[in-house]
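Each remark here refers to the structure printed beneath this line.
The values are calculated or read from the model by the stated rules, or taken from the named source; none is laboratory data. What you are looking at is a predicted structure, and each value in this text was computed from that prediction instead of being measured. A quick note on method: Cβ atoms are made from the backbone with ideal geometry, for glycine too, and the neighbour counts reach across all protein chains shown.
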Amino acid sequence: MHTGIDELLEKYWHIPGGLVPLLQEVQKVHGYLSREILEKIASGMGISLAKVAGVATFYHQFHLTPRGRYIIKVCMGTACHVRGAAEVLFAMEDELGIKVGHTTPDLTFTLDQVACLGACGLAPVITINDETYGKLTPGQVPKLIEKYREEAAVVH
């Protein structure tokens, strides 16, 4: 169930400051950090669950619940905001049936908003995993999401 955690604990337990890279590697393998995983890390590192959970909740890079196969990041930076990012975000919420920060029940999509994606010339811009989509309009959202739904259906 906890593939690789024992090996990662062995790698990091003695390194000062090793908790953050350990959490990063474990999350990379498991997709998120469940309570059970946090408990195993705390035990293996010889530190309290409160400390491990404190680090995991302090940094936004860590996730305590399962994430979707496709992570959608909607840029809310100034250029994107001025060019309609909020409307694109609302269209995403409507199309996916979830609010920002949530994951669809089938674990296909997670919807996040970010401060800046660094592609201001493409505003409003989003990313879906490693793909960037710029100059997006709310009307383009259903077709874009359908493309990923079809891709997910083929893989399953």
Based on what the data block shows, is Glu146 assigned by TED's automatic domain parsing to the domain that holds Glu93, modelled with pLDDT under 95, farther than 14 Å from Met76 by Cβ and not aliphatic (A, V, I, L, M)?
no
Among the residues of region 107-141 satisfying the criterion of being over 15 Å from the mean Cα position of the chain (by Cα) and surrounded by fewer than 13 Cβ atoms within 10 Å (Cβ to Cβ), which is farthest from Pro66 (Cα to Cα)?
Gly121
Taking into account only those residues within region 93-103 that are surrounded by fewer than 18 Cβ atoms within 10 Å (Cβ to Cβ) and more than 19 Å from Gln140 (Cβ to Cβ), which is modelled with the lowest pLDDT?
Gly101
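Of everything in region 69-92 that's among the aliphatic types (A, V, I, L, M) and out of contact with any helix residue (DSSP H, G or I) (no Cβ under 8 Å at 6 or more places or on another chain), which residue is surrounded by the most Cβ atoms within 10 Å (Cβ to Cβ)?
Narrowing region 69-92 to residues among the aliphatic types (A, V, I, L, M): 71-72, 74, 76, 79, 82, 85-86, 88-89, 91-92.
Narrowing further to those that are out of contact with any helix residue (DSSP H, G or I) (no Cβ under 8 Å at 6 or more places or on another chain): 71, 82, 85-86, 89.
Details: Ile71: 16, Val82: 11, Ala85: 22, Ala86: 14, Leu89: 24.
Looking at the filtered set, the residue picked out is Leu89.
Does at least one position in region 52-70 carry a residue that is in contact (Cβ under 8 Å) with a residue 12 or more places away in the chain and part of a strand (DSSP E or B)? Working first, answer last.
Within region 52-70, the subset in contact (Cβ under 8 Å) with a residue 12 or more places away in the chain is 52-53, 55-56, 59, 61-70.
The next check asks that each one be part of a strand (DSSP E or B); those that pass are 70.
Within region 52-70, one or more residues are in contact (Cβ under 8 Å) with a residue 12 or more places away in the chain and part of a strand (DSSP E or B).
To keep it simple, each residue is scored yes or no on (1) of a type in the set (A, V, I, L, M, F, W, C); (2) assigned to a loop (DSSP other than H, G, I, E, B); (3) in the same structural domain as Val82 (by TED's automatic domain parsing); (4) touching a Leu at 6+ places or on another chain (Cβ under 8 Å).
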position: Val100; (1), (2), (3), (4): yes, yes, yes, yes
position: Asp106; (1), (2), (3), (4): no, yes, yes, no
position: Leu111; (1), (2), (3), (4): yes, no, yes, yes
position: Cys116; (1), (2), (3), (4): yes, yes, yes, no
position: Gly121; (1), (2), (3), (4): no, no, yes, no
position: Thr127; (1), (2), (3), (4): no, no, yes, yes
position: Thr132; (1), (2), (3), (4): no, no, yes, yes
position: Leu136; (1), (2), (3), (4): yes, yes, yes, yes
position: Gly139; (1), (2), (3), (4): no, no, yes, no
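Is it the case, given these coordinates, that Gly54 is surrounded by fewer than 14 Cβ atoms within 10 Å (Cβ to Cβ) and within 21 Å of Val141 (Cβ to Cβ)? Step through it out loud before you land on a result.
Working: surrounded by fewer than 14 Cβ atoms within 10 Å (Cβ to Cβ): yes; within 21 Å of Val141 (Cβ to Cβ): no.
No; evaluated as a whole, the condition is false for this residue.
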Residue count, region 5-51 (criterion: part of a loop (DSSP other than H, G, I, E, B) and over 25 Å from Thr108 (Cβ atoms))
9
Looking at (1) outside the structural domain of Asp130 (by TED's automatic domain parsing); (2) farther than 22 Å from Glu131 by Cβ, can you tell me which one Val82 breaks?
(1)
